[in-house]
Amino acid sequence: MTSPSPASRAEPTLRQGAERPAVLRVDNLSKRFGAFWALQGASFSIRPGEILGLIGPNGSGKTTLFECLAGLSPATVGTVTHDGTLIGSDERKQFLYFVPDGIRPFPDQTVDWILRFSAGVNGVRREYLTDVIDSLRLDVLRGARLGDLSKGEHRRVMLAVGLLTPQKLLMLDEPFDGLDLRQTRDVMGVLRNHAAVGRTLFLSIHQLGDANRICDRLVLLSGGHVAGEGTLDELRSKAGLSEGGLEEVFLALT
């Protein structure tokens, strides 16, 4: 695995991605709880080396979509394919690694233990582990118990665990929640560096400003339905707007 350089402090902006083959293709992904459809007819593609943002307010179905895509929660209907080949829920762990929101495993273990354990399981070189620790500023936390960390500290540790995995697609549920302004900017730099060396990132984000700063393309989710997919310019065109930011585009399409 190639080691990205430490986090850049350059301000990221929404980039215009060229058309590329899909890492995964999601078609008609839907999830029903009794009579309630939490997710219905979600279709979109995830392209190699991009940062794709799943955008929507709380309750829009983002976590449900992530859990269905990752195979943690069985979809009621829908398919996930890779190069036209159907990928069952049990096989998806070969292609993706999901870092969920609100999960705090191994509370009695130290940060150093979880990082060394993850690196060992995944056969990660010591130099790469050091790069990840340094880029996320985790060295000062290595002796702390996971259960004693703040929300933002734990978020950065779990991001490090995700970055130590070999899967080409890394899914992060609300990766900036609990981070302050400087930490958010630093983590965005880390994610951009990993995308630059070929990692594909799929981020669930409810803050539109954060999405605008980090994402190449966007999937807009509202009420369990995909309202649009594309770059900001493509979504602006779909909304019939000649100008306007992500907030205006989201409101126009939803």
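The values are calculated or read from the model by the stated rules, or taken from the named source; none is laboratory data. The model shown is predicted, which means the values in this text are computed figures rather than measured ones. Because the Cβ atoms are built from the backbone with ideal geometry, glycine has one as well, and the counts that use them run over all protein chains shown.
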- Filter the stretch 107-121 for residues that are assigned to a loop (DSSP other than H, G, I, E, B) and touching a Gly at 6+ places or on another chain (Cβ under 8 Å); the one that is surrounded by the most Cβ atoms within 10 Å (Cβ to Cβ) is P107
- Flagged pairs (Cβ under 6 angstrom, 6 or more apart or on separate chains; first in the stretch 230-249, under 25 Å from R47 (Cα atoms); second assigned to a loop (DSSP other than H, G, I, E, B)) are T231/Q16; L232/L14; V249/A239
- Item | Those residues of the stretch 126-158 which are among the β-branched types (V, I, T) and over 20 Å from the mean Cα position of the chain (by Cα), in sequence order | T130, V140
- Item | Lone qualifier among A18, A38, A42, A22 - being in a strand (DSSP E or B) and either modelled with pLDDT under 95 or under 26 Å from D233 (Cβ atoms) (or both) | A42
- Query: assigned to a helix (DSSP H, G or I), small (G, A, S), out of contact with any strand residue (DSSP E or B) (no Cβ under 6 Å at 6 or more places or on another chain) and within 17 Å of F106 (Cα to Cα) - does that describe any residue in the stretch 187-194?
  - Reply: no
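Per-residue answers, yes or no, for (1) surrounded by fewer than 22 Cβ atoms within 10 Å (Cβ to Cβ); (2) within 23 Å of D216 (Cα to Cα):
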site: L146; (1), (2): yes, no
site: S150; (1), (2): yes, no
site: R156; (1), (2): no, yes
site: L163; (1), (2): no, yes
site: L181; (1), (2): yes, yes
site: T184; (1), (2): yes, yes
site: L191; (1), (2): no, yes
